[in-house]
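The values are calculated or read from the model by the stated rules, or taken from the named source; none is laboratory data. Given the structure is predicted, the values throughout are model-derived calculations rather than measurements. Glycine also receives a Cβ, built like all others from the backbone with ideal geometry; neighbour counts cover every protein chain displayed. For the accessible areas, the whole protein counts, side chains as well, though only heavy atoms, and no ligand, DNA or RNA atoms are used. Shrake-Rupley method; radii C 1.70, N 1.55, O 1.52, S 1.80 Å.
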Amino acid sequence: MPKDIILHLERDPSRDIARDFAASIAELFSAHLTAVISNFEANIPADALGDLFAESEAEARGAIERFELAMKRGELSAELRLVLGTPQTFSEVARCFDLSIVMQSDDHKGINNSILIETTLFDSGRPLIIVPSNQREVLKLEKIVCCWDGSRTAARAINDALPFLKKANAVELLIVEDEKTANEQVLRGTEIGQHLARHDIKVNVKTIPAADRDVANAILSYVAGGSTSLLVMGGYGHSRLREFVFGGVTRGMLSAMTVPVFMSH
């Protein structure tokens, strides 16, 4: 059960929903919430640094004030930290927490959290919830959809998400079927379903086809057609020059997600 949660605090007021979403999780589990204001290093021309830092400081001050006010209203156990360094620094800090929460990138506003999400997912050793940029509500656990392909990464994600699954009104196990998964997959879905039943979690198994191996779009279409509150899936990637790079399905989900995504690697 998550008792210690870390949030990457957004500076843009229009993205305060990530803060409120994190607070709703902390409230649900009576957890402590640590919000981090980050000042990541960047290659910026020297003559632009002064104005940038002044603007950044003002935005950070505003985010801090809004966070403190929101926490007073909710009477949650919460604190603020300033993290200097790189996205890697945030992932290292996150190792000492149960769960990280980061908001999706927003290209329209020039906000790119991709490297932050990547390093936190692959390097923290902890699960991560990515809040979509179009999110409007705090956490609701009407229905959780768990993506299942029988892999180690999917098993890890489902196990890490158990506290959420136990509180959900409904849990679905989603199997995306293509030529790689067409035969044994349903049987493996039955076995993981039996495992979850031993945790008093009743699941409905859903199997959907993925044309031309477009797994990400198949998942996104399925989620868009229902009242999914949270999507649970493994975060896939491969190593390249000592850095992890998102796999195709993970990249596709993160770019077009419409519901909060719980990921583990």
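Summary of values
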read-out	value
Enumeration of residues in the range 69-114 that are surrounded by fewer than 16 Cβ atoms within 10 Å (Cβ to Cβ) and either free of Cβ contacts under 8 Å to residues at least 24 places away in the same chain or in contact with a Pro (Cβ under 8 Å, 6 or more places away or on another chain) (or both)	Leu69, Lys72, Arg73, Glu75, Asp107, His108, Gly110, Asn112
Test for Thr181: is it at pLDDT below 90 and open to solvent by less than 80 Å² (accessible area, probe 1.4 Å)	yes
Within the range 17-31, tally of residues that are open to solvent by 10 Å² or more (accessible area, probe 1.4 Å) and closer than 11 Å to Val131 by Cα	3
When residues of the range 69-92 are limited to those that are in contact with a helix residue (DSSP H, G or I) (Cβ under 7 Å, 6 or more places away or on another chain) and more than 16 Å from Ile6 (Cβ to Cβ), the one modelled with the highest pLDDT	Ala70
Of the criteria (1) modelled with pLDDT under 90; (2) part of a helix (DSSP H, G or I); (3) surrounded by fewer than 13 Cβ atoms within 10 Å (Cβ to Cβ), which one Gln194 fails	(1)
Residues of the range 93-120 satisfying the condition of being out of contact with any helix residue (DSSP H, G or I) (no Cβ under 8 Å at 6 or more places or on another chain) and among the hydrophobic types (A, V, I, L, M, F, W, C)	Val93, Cys96, Phe97
Filtered residues of the range 51-68 (kept if out of contact with any strand residue (DSSP E or B) (no Cβ under 7 Å at 6 or more places or on another chain), aromatic (Phe, Trp, Tyr) and either modelled with pLDDT of 90 or more or open to solvent by less than 30 Å² (accessible area, probe 1.4 Å) (or both))	none
Given (1) open to solvent by less than 10 Å² (accessible area, probe 1.4 Å); (2) modelled with pLDDT under 75, index of the condition Thr34 fails	(2)
Leading residue by the ranking (surrounded by the fewest Cβ atoms within 10 Å (Cβ to Cβ)) among those in the range 201-225 that are of a type in the set (D, E, K, R) and under 15 Å from Ile144 (Cα atoms)	Lys202
Residue selected from the range 226-259 under the condition at pLDDT 80 or above and under 18 Å from Ala168 (Cβ atoms), by the criterion most open to solvent (accessible area, probe 1.4 Å)	Ser227
Matching residues in the range 71-103 - criterion: being of a type in the set (Lys, Arg) and part of a helix (DSSP H, G or I)	Lys72, Arg73
Subset of the range 127-158 [part of a helix (DSSP H, G or I), of a type outside the set (Val, Ile, Thr) and crowded, with 16+ Cβ neighbours inside 10 Å]	Ala154, Ala155, Arg156, Ala157
